[in-house]
Amino acid sequence: MNRDKREIRQSVLHTLSLLTQTDYQMQSSQMASSLYKESYWQEAHCIALTISRFPEVDTIPIIHEAWKQGKQVVLPRIKQESKQMDFYLIHHFSQLEETVFGLKEPKPSEATIQTPTDIDLMIVPGVAYTKEGYRIGFGGGYYDRYLPSFQGTTVSLLFQEQLVSSLPIETHDQAISHLLVPGGVLK
């Protein structure tokens, strides 16, 4: 089963790498615009997301919009030794540092840790998705371990190229509540 996930992950990431910068930016912008119209965005006070890296949907404009709207923004910091992650409240990008895997994560000394109950909306990253909301991520399992304790709303923003007909689903896998694609709401 892991081999299947690895092959799917590699195939989808390869396809995404072929997106032109223009298409990437345009489609990321379309998904962000769709997100802002959704009630779960409008009602959320605290939003969890990551600092994306190509070919993930661009989250920097989403973070700026959240701050502009007076929302709290929390970002994850992974703990490699325990394969867990914590979310930290940040108010500006200077509270970030580059960490393992080249990720930009909050500096614990400059940000405030948040509990899962503090977060209203989580924008969950991933590589491949089914229409039912099941996903495979980048292989670390961090979200698989975090999501069972999260009771808020989950949404993923994905390019059409990330949609697959099926995935090997395991007992711990949880479906994402809402999926947005460049054309609008998928789920």
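By the Stokes-Einstein formula, at 0.890 mPa s and 25 °C, region 77-187 with its Kirkwood radius over alpha-carbon pairs has D equal to 162 µm²/s.
The apolar share of the surface of region 1-134, taken as the fraction of accessible area on carbon and sulfur atoms (1.4 Å probe, ligands and nucleic acids excluded), comes to 49 percent. Semi-axes of the equivalent ellipsoid for region 30-109, computed as √(5λ) from the eigenvalues of its C-alpha gyration tensor and ordered from largest down, come to 23, 14, 12 Å.
Once the Cα-Cα distance is subtracted from the 0.36 nm per residue extended length, the Ser17 to Thr115 segment shows a gain of 31.8 nm. Which percent, nearest 5, of DSSP beta bridges in the chain are antiparallel? Here the share of antiparallel DSSP bridges comes out near 60 percent. Seen from all directions on average, region 21-69 presents a Cα convex hull projection of 3.3 nm². On the basis of the beta-carbon distance and an R0 of 22 Å, Glu98 and Gln10 show a calculated FRET efficiency of 0.35. Would the chain count as rounded, prolate or oblate if I go by the C-alpha gyration tensor, calling it rounded below 1.5 in a/c and otherwise prolate when a/b exceeds b/c, oblate otherwise? Note, shape of the chain comes out rounded.
Sequence-distant contacts, meaning Cα pairs under 8 Å at least 6 residues apart, place the relative contact order of the chain at 23 percent. Solvent exposure of the chain amounts to 49 Å² per residue of accessible area, where only protein heavy atoms count and the probe is 1.4 Å. Springs between Cα atoms under 10 Å define the GNM used for the chain, and in it the highest mean-square fluctuation of Phe87, Phe101, Phe150 occurs at Phe101. Pairs with C-alpha atoms separated by more than 20 Å, drawn from the list Lys83/Lys104; Lys83/Lys107; Lys37/Lys187; Lys83/Lys187, are Lys83/Lys187.
Computed over the chain, the per-residue total of -39500 (n - 2.57) for DSSP H runs of n ≥ 4 gives a 222 nm mean residue ellipticity of -8500 deg cm²/dmol, rounded to 500. Dividing the mean sequence gap of close Cα pairs (under 8 Å, 6+ apart) by how many residues region 1-71 holds gives a relative contact order of 31 percent. With springs only between Cα atoms under 10 Å, which of Pro55, Pro76, Pro125 fluctuates most in a Gaussian network model of the chain? Of Pro55, Pro76, Pro125, the most mobile in the Gaussian network model is Pro55. Once a ≥ b ≥ c are taken as the square roots of the eigenvalues of the Cα gyration tensor of region 96-153, is the result rounded (a/c under 1.5), prolate (a/b larger than b/c) or oblate (a/b not larger than b/c)? It comes out oblate by the Cα gyration axes.
The values are calculated or read from the model by the stated rules, or taken from the named source; none is laboratory data. As the structure is a prediction and not an experimental result, all values here were calculated from the model. Virtual Cβ from ideal backbone geometry, glycine too; neighbours counted across all protein chains shown. Please note that ligands, DNA and RNA were not included when accessible areas were found on the heavy atoms of the full protein model with its side chains. Shrake-Rupley method; radii C 1.70, N 1.55, O 1.52, S 1.80 Å.
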